[in-house]
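The next block holds one structure in the form of structure tokens; read it before the comments.
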Amino acid sequence: SVLVSYAKSKSLDVILLCLSSIGYKTTRDVYIKVLEQLVDIPIVLISCEEEGYDYPSIMFDNASGLKVGITRLIEEKNLTRIGMVAGEPDNLDAQERLQTYKNVLTEHNLEVLESRIVHGDYTECCKPNLQEWFAGNTDLEAVICISDAISKVLYEVIKEHNLKIGQDIFVIGFDDIEDAVQTER
């Protein structure tokens, strides 16, 4: 609401709008209401596309790097029990990253088990959900995380099980946020 009122009150030439990040905990209906309030301003969508609306969009590559990382775990590390901490099911980036995970496992003749997939938000609020999920999946050799923020939370959960990251279990994040590099293994 604040962003919409700001955008309406200023004379802007264009709005670059990343709906999937701003409203990752909301629904498509809310996205549409936001877009409908900004009809007089040109909009370029970042990391989302809205069917039925003629907005240009810029999309992230959610597959290439993730595919390389998962393939490396399988082919170079010989890992077969790989889980995924997926994002919100309605988020386009989350959908594409989850589909990449499933595709790579399938391409390597590994079974995609729903029990090895957990959905959560992109924040540290997902820790209780991750604790419960990981407790039921302690045989995992690697976990793919939808974001670096979630991988940081997963590190905490893994440490609670006295496992060493990079030795007992591997973790792949996504986004390359600055403080993820400094996360203590």
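The values are calculated or read from the model by the stated rules, or taken from the named source; none is laboratory data. Just so we're clear, the structure is a prediction, and the values are computed from it rather than from any experiment. Heads up, the Cβs are rebuilt from the backbone with ideal geometry, glycines too, and the neighbour counts pull from every protein chain shown. The protein model used for the area step is the full one, side chains on, heavy atoms only, and it has no ligands, DNA or RNA in it. Shrake-Rupley method; radii C 1.70, N 1.55, O 1.52, S 1.80 Å.
Can you give me the long-range amide H partners of Gly87? Hydrogens built in the peptide plane at 1.01 Å from N, cutoff under 5 Å, separation of 5 or more residues or another chain.
For Gly87, the qualifying residues are Gly120.
Out of residues 5 or more away from Val171 or on other chains, whose amide H comes under 5 Å of its own, with H placed 1.01 Å from N in the peptide plane?
Here the answer is Val143, Gly166, since their amide H atoms fall under 5 Å of that of Val171.
Of Lys102/Lys159; Lys67/Lys127; Lys127/Lys164, which ones are farther than 23 Å apart at the Cα? Could the numbers behind the result be given before it?
Numbers: Lys102/Lys159 26 Å; Lys67/Lys127 26 Å; Lys127/Lys164 18 Å.
Violating the 23 Å limit, Cα to Cα: Lys102/Lys159; Lys67/Lys127.
With every protein chain present, what is the per residue accessible area of the chain (1.4 Å probe, Å²)? Before the final figure, lay out each step's value.
Numbers: 10560 Å² over 185 residues.
Averaged over the residues of the chain, the accessible area is 57 Å².
Where does the stretch 21-93 land on the Kirkwood hydrodynamic radius, alpha-carbon pairs, in angstrom?
On the way: mean 1/r = 0.0666 Å⁻¹.
That comes to 15.0 Å for the stretch 21-93.
Explain nothing, just compute: Karplus ³J(HN,Hα) = 6.51 cos²θ - 1.76 cosθ + 1.60, θ = phi - 60°, for every residue of the stretch 102-111 in order, whole Hz, x for Gly and Pro.
The phi angles translate into 5, 4, 5, 4, 4, 4, 9, 6, 9, 6 Hz.
One quarter of the convex hull surface, Cα atoms only: what value does that give for the stretch 75-122 in nm²?
Numbers: hull surface 14.1 nm².
Result: a mean projected hull area of 3.5 nm².
So what is the calculated 222 nm ellipticity per residue for the chain, using -39500 (n - 2.57) for each DSSP H run with n of 4 or more, over all residues, to the nearest 500 deg cm²/dmol? Intermediate results must be reported in sequence, preceding the final value.
On the way: 7 runs with 72 residues, N = 185.
So the helix-based figure for the chain works out to -11500 deg cm²/dmol.
What is the local net charge at Arg72, summed over the other residues whose Cβ is closer than 14 Å to its Cβ (Lys, Arg +1; Asp, Glu -1)? Could you put the intermediate results ahead of the total?
Details: positive: Lys67, Lys77; negative: Glu75, Glu76, Glu107, Glu141.
My count for the surroundings of Arg72 gives -2.
Ignoring ligands, DNA and RNA, what percent of the accessible area of the stretch 26-185 is carbon or sulfur (1.4 Å)? Walk me through the intermediate numbers first.
On the way: 4080 of 8740 Å².
Answer for the stretch 26-185 is 47 percent, counting heavy atoms of protein chains only.
In Å and on Cα atoms, what radius of gyration and Dmax does the chain show?
18.5, 56
Could you bin all the Cα-Cα distances of the stretch 90-157 into 10 Å bins starting at 0 and give me the percent of pairs in each, rounded to whole numbers?
19, 53, 27, 1
Taking 8 Å as the Cα distance limit and 6 or more residues as the minimum spacing, I'd like the relative contact order of the chain as a percentage. List each step's numbers first, then the result.
Numbers: 239 pairs, mean separation 32.0, N = 185.
After rounding, I find 17 percent.
Check Ile117: other-chain or 5+ apart residues with amide H under 5 Å from its amide H, H built from backbone geometry?
Met84
Compute a Gaussian network model of the chain, connecting alpha carbons closer than 10 Å, and tell me which residue from Gly173, Gly136, Gly120 fluctuates the most.
Gly136
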